[in-house]
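The values are calculated or read from the model by the stated rules, or taken from the named source; none is laboratory data. Bear in mind that the values here come from a model prediction, so they are computed numbers and not experimental data. All Cβ positions, even for glycine, are placed from backbone atoms using ideal geometry, and neighbour counts span all protein chains on display. Note: accessible area is taken over every heavy atom of the protein model, side chains too, but ligands, DNA and RNA are not part of it. Shrake-Rupley method; radii C 1.70, N 1.55, O 1.52, S 1.80 Å.
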Number of protein chains: 2
Amino acid sequence: MYRSHNCGELTSKNISNEVILSGWVQKIRNKGFIIWIDLRDRFGITQIIFDQKRSSKKIIEKAQKIGREYVIKINGEVIKRESINPKMKTGEIEVLVKDFTVLNSSLLPPFTIQDNSDGGEELRLKYRYLDIRRNPIKNNLILRSKITAEIRSFLSDNDFIEVETPYLIKSTPEGARDFIVPSRMNPGNFYALPQSPQTFKQLLMVGGIDKYFQIVKCFRDEDLRADRQPEFSQIDCEMSFVKRDDVIKQFENLIYNLLYKFKGIKIDKIPILTYEKCIRLYGSDKPDIRFGMKLNYLNELAKNKGFEPFDSNESIIGICVPNGSNFSRKKIDQFTNWVKRPEIAANGLIWIKYNEDGSIKSSIDKYFNYNELIKWIDFCEGKKGDLLLILAGDKSNTNLKMGLLRMEIAERLELRDPEKYSPLWVIDFPLFMWDEEEKCLKSMHHPFTAPIEKHLDLLNTDPTKVIANSYDLVINGNEIGGGSIRINSSDLQKRIFSLLGFSEEEAINQFGFLIDSFKYGAPPHGGIALGLDRLVAIIGGQEIIRDFIAFPKNNSGKDLMIKSPSKISSDQLNELQLRINPLKS
Amino acid sequence: MYRSHNCGELTSKNISNEVILSGWVQKIRNKGFIIWIDLRDRFGITQIIFDQKRSSKKIIEKAQKIGREYVIKINGEVIKRESINPKMKTGEIEVLVKDFTVLNSSLLPPFTIQDNSDGGEELRLKYRYLDIRRNPIKNNLILRSKITAEIRSFLSDNDFIEVETPYLIKSTPEGARDFIVPSRMNPGNFYALPQSPQTFKQLLMVGGIDKYFQIVKCFRDEDLRADRQPEFSQIDCEMSFVKRDDVIKQFENLIYNLLYKFKGIKIDKIPILTYEKCIRLYGSDKPDIRFGMKLNYLNELAKNKGFEPFDSNESIIGICVPNGSNFSRKKIDQFTNWVKRPEIAANGLIWIKYNEDGSIKSSIDKYFNYNELIKWIDFCEGKKGDLLLILAGDKSNTNLKMGLLRMEIAERLELRDPEKYSPLWVIDFPLFMWDEEEKCLKSMHHPFTAPIEKHLDLLNTDPTKVIANSYDLVINGNEIGGGSIRINSSDLQKRIFSLLGFSEEEAINQFGFLIDSFKYGAPPHGGIALGLDRLVAIIGGQEIIRDFIAFPKNNSGKDLMIKSPSKISSDQLNELQLRINPLKS
């Protein structure tokens, strides 16, 4: 037997018990004749003591050779500690070692197994099995396990059935790029890994499953932006005989439940904003509404007053930074430089300080008088002590630029309180967007999203105006998930594919099975998919998903630990009837 | 709103309630002035009635156009049925339709949506979304969902953490064949899909996770035998600081729990047999022990008596078929032909009938007298009325042939009672088997399995004699899972790879990360993996896994519904820097 107890459970109730413990050596304090070791396992730390007076001398000698991260098994007696540590559950006791065995030795780890490790990102990924020993990562994985268990239990209690959909499916070139899998049994043919189980969950609704869920891996072969993974986990759900509000209500309850169970926070009804309003008020379709700084449109007040930068631009937008009037010139210059970066590419930033004493100082003092500027501040609902920042530019993107500045300021002013949770539903997205490059319509979400009923005719006359029957769930500025009521008519589905530029043959070839299924009594249905990685990270009070994934890949899609992807043998390629065909450069 | 209730819940308590129901039209009985429809959803069936006297005439006219599998929404009043159906939960009531809407029409389905469908296998796979509407398949999927929920809850209650391991991993050519995934970001390099998360779960143990589980898809690119799938689901577990008996006890509890919850069966402690004993007694390493017919070795009694077929063969093995003495000559000939098939390739089958009246009739009457044959029957623990069947052949395989005959007889005599559950642990497998073709050792399970401690020295002298610290779980003749205590020493792991014919470079290249991890304090650990598909099928009282998988593939690895695998575009291949390279034939 390796243990009678784990390293996190012995208390003063166990004093004078004989126990067996196994674990890792976290810390050694060696006074020669007496040695204390912090013995660690997943459950906690127990202090063990080797004492020349009370243990045998042979044991002490053997114990001298123990190093950090050795795995040892000890047996001994639980005794009262001399110096009690009230912060630890096991802090009142220690175990006087009678005998022990080294179960495995350890080289010196390449970084410290501490909450604040000295390991850099690359090193930690290479030795991920050591990184997982650290409390922050270990606790993230435990939290993830608990959250998924809670989600499953909630959905099961609400009559959802978990159904596993296949991983070896079919490549459909539109949308993101598929990972493909060559078929040896059908040479020259390929499976694809699912970007999501979208069509399968719809088929389950056609099959009468009524309420489906699955926590499932999805795959996208995209150039990885920071904090994206080529494989990610999705809470995938679909319901039959529902309208938009039914889905919203169901998943509002889920979010309520999770925030209450894991954070002790009771949220109110989740507000619903239209896409149009989000863009207008926050310059983003996934606004962080934990703080204000809404966008204000100053065209009427500020244009045609002879200030060229305003007169020559389509859109003049201001936000009030609370308590920003005391910003130094340097700090304001930093924001100005920030908006001038190529990623934002604004021409400049106008600032107006509304000082505590009621005076005004601004970068456009020469062009506008006090009364004018006060009107602007009033219009933007500014108060004494605030700072009004203004961008001018094209109508099509100045709001988005201001949205980004708003987030940047909030980040710097620490307005994004990690203990506050402000979920939001965003609805009424356009069904399509116009792709200027390819001169064609693209689905805003995906081609299975239903238009709202009253816009069915608009599909024929002005498709870019058609509103989708969709909804996104945003928490604290992160898009956590999205969904929609789906098309369940084969004719409408074909019409959408045709609007998206599919020939009838292409549509049938790629999605014929779904279109066909709609001819056999497809019920009205809709669903949602939530990003598990990000949801867990947010509940964990963080926004970086990598530390909530056991074995993540780096930004080049590489697993640094197992050194993957890697070459395969020519035998394997031959069996698949494939050849590597390097690009000529 | 689509429904106030589902189709499985209205009872006489609801009489005179106004309700809204939505569902599929299962059955129509149309008397012209009165129409009954069985309305079906996932939850059940409710009879609805359109009655010219009590509904409007317009409604009746509209209702005439409803066809099978139409999706309709109705509202009406719950009334008492005239002819009560006590077998249905909703059998006391019907709903008098006041108004209805056709939510979707349906073509005539290609097979009937009935428990006993008229659809063949291929048709059912092509229209799987319709097949899922049938109770047998739907209930299988619901059972699967409930079993997985129960497994998760059991393991969580036992301190296991569910951790998701990656799907894009690294190809390791030994063992079964990998599915590979070309990496676009790293051209010429490939990921592989996991055959199991074996190395990752071991790394989680090195990482201190202590108890891990995951219900996870695994992939094997094998030529598919009947009832195998290229992707399958595994209940994957690993524990630290355990010995064999700890793992066995933990998962014995799981099986106990599942059989009790889903079948109401309380099993006794699961028997443990050694591999050697299984082969000897049952001619199989996964014996069905629901019935007897053990193998008996007749060499001493039957050899060297002048009967050439016995004298010239190494091994003479008999089994007693209970109540087989009344088998017709034709039936016995069928068994003789069965063992002569190329798959078994026995020379012939000797039979001895021990009749109820005490007389004996046999195919070897001329060579052996009554007293001799009675001795054999006694030795085989036969009774009056039994039939003794004997095979003679090589020592290396006659027991296996007899094991197959034993199963075939049990199948035909219906001794394999689907309501009986006889789990069994098989232990003490050899660590290696000798591959005669490749002239090298192969792992019986996989190269990470630890040998039993007292055989460590034997590795150097006679590796084929080394017993593995492993265990298989067998239920009713099906291998449900297997596992082992793992190697946690980098030296021993390297030694095993070397015995398996890996060069040091190959071992490091493929498994260096695991060997390295063992140098940093790897705890003793072991685990198990259970096949979910088969476990669910067995609990469902069946042995065919396909009907417990929502979207299975056929024996050529094809999904007949989505028509996958399929061609991909040359753009996709170019991006991956791959070319199709057909074999010259």
Looking only at the range B:564-585, and only at residues there that are free of Cβ contacts under 8 Å to residues at least 60 places away in the same chain and more than 7 Å from chain A (Cβ to nearest Cβ), the one that is least open to solvent (accessible area, probe 1.4 Å): B:L573
Quick check on B:L413: is it in contact (Cβ under 8 Å) with a residue 60 or more places away in the chain, open to solvent by 30 Å² or more (accessible area, probe 1.4 Å) and out of contact with any strand residue (DSSP E or B) (no Cβ under 6 Å at 6 or more places or on another chain)? yes
Within the range B:127-136, is there a residue that is of a type in the set (A, V, I, L, M, F, W, C), more than 30 Å from A:N6 (Cα to Cα) and at pLDDT 95 or above? yes
From A:N257, A:N253, residue being of a type in the set (S, T, N, Q) and open to solvent by 60 Å² or more (accessible area, probe 1.4 Å): A:N253
Could you list, in sequence order, the residues of the range B:483-505 that are more than 22 Å from B:E438 (Cβ to Cβ), touching a residue at least 24 places away in the same chain (Cβ under 8 Å) and surrounded by fewer than 23 Cβ atoms within 10 Å (Cβ to Cβ)? B:S489, B:S490, B:L492
Criterion (surrounded by fewer than 18 Cβ atoms within 10 Å (Cβ to Cβ), hydrophobic (A, V, I, L, M, F, W, C) and within 14 Å of another protein chain (Cβ to nearest Cβ)) met by exactly one of B:L103, B:L123, B:L141: B:L123
Pick from A:K454, A:K465: which is open to solvent by 10 Å² or more (accessible area, probe 1.4 Å) and farther than 30 Å from A:D288 by Cβ? A:K454
Any hit, the range A:155-175, residues being at negative phi, more than 7 Å from every other protein chain (Cβ to nearest Cβ) and at pLDDT below 95: yes
Taking the range B:349-367 and keeping residues open to solvent by 10 Å² or more (accessible area, probe 1.4 Å), in a loop (DSSP other than H, G, I, E, B) and not small (G, A, S) leaves B:L349, B:N355, B:E356, B:D357, B:D365, B:K366, B:Y367
Hits in the range A:31-56 (condition: open to solvent by less than 50 Å² (accessible area, probe 1.4 Å) and small (G, A, S)): A:G32, A:G44, A:S55
Leading residue by the ranking (farthest from A:I137 (Cα to Cα)) among those in the range A:520-575 that are part of a strand (DSSP E or B) and aliphatic (A, V, I, L, M): A:I528
If B:P565 meets every condition in (1) within 26 Å of B:G482 (Cβ to Cβ); (2) in contact with a Gly (Cβ under 9 Å, 6 or more places away or on another chain) apart from one, which number is that one? (1)
Working carefully through the options A:K217, A:K211, find the one that is more than 7 Å from chain B (Cβ to nearest Cβ) and in contact with a strand residue (DSSP E or B) (Cβ under 9 Å, 6 or more places away or on another chain). A:K211
Condition test on B:I538, is it in contact (Cβ under 8 Å) with a residue 60 or more places away in the chain and surrounded by fewer than 21 Cβ atoms within 10 Å (Cβ to Cβ)? no
Residue list for the range A:1-32, restricted to those being away from chain B (no Cβ under 11 Å), in contact with a Lys or Arg (Cβ under 8 Å, 6 or more places away or on another chain) and part of a loop (DSSP other than H, G, I, E, B): A:E9, A:T11, A:I15
Of the criteria (1) assigned to a loop (DSSP other than H, G, I, E, B); (2) within 7 Å of chain B (Cβ to nearest Cβ); (3) at pLDDT 95 or above, which one A:F513 fails: (1)
Which listed residue is open to solvent by 30 Å² or more (accessible area, probe 1.4 Å) and touching a strand residue (DSSP E or B) at 6+ places or on another chain (Cβ under 7 Å), from A:K170, A:K62, A:K80: A:K80
Would you check which residues across the range B:13-30 are open to solvent by less than 50 Å² (accessible area, probe 1.4 Å) and closer than 15 Å to B:G44 by Cβ and list them? B:N14, B:V19, B:L21, B:S22, B:G23, B:W24, B:V25, B:Q26
When (1) touching a Lys or Arg at 6+ places or on another chain (Cβ under 6 Å); (2) closer than 28 Å to A:T199 by Cα; (3) at pLDDT 95 or above are applied to A:F429, the one that fails is (1)
Can you name the number of the only condition in (1) touching a Gly at 6+ places or on another chain (Cβ under 9 Å); (2) exposed (fewer than 15 other Cβ atoms within 10 Å of the Cβ); (3) not assigned by TED's automatic domain parsing to the domain that holds B:I255 that B:C440 fails? (3)
So B:E82 clears everything in (1) more than 14 Å from chain A (Cβ to nearest Cβ); (2) under 40 Å from the mean Cα position of the chain (by Cα); (3) not β-branched (V, I, T) except one condition, right? Which one? (2)
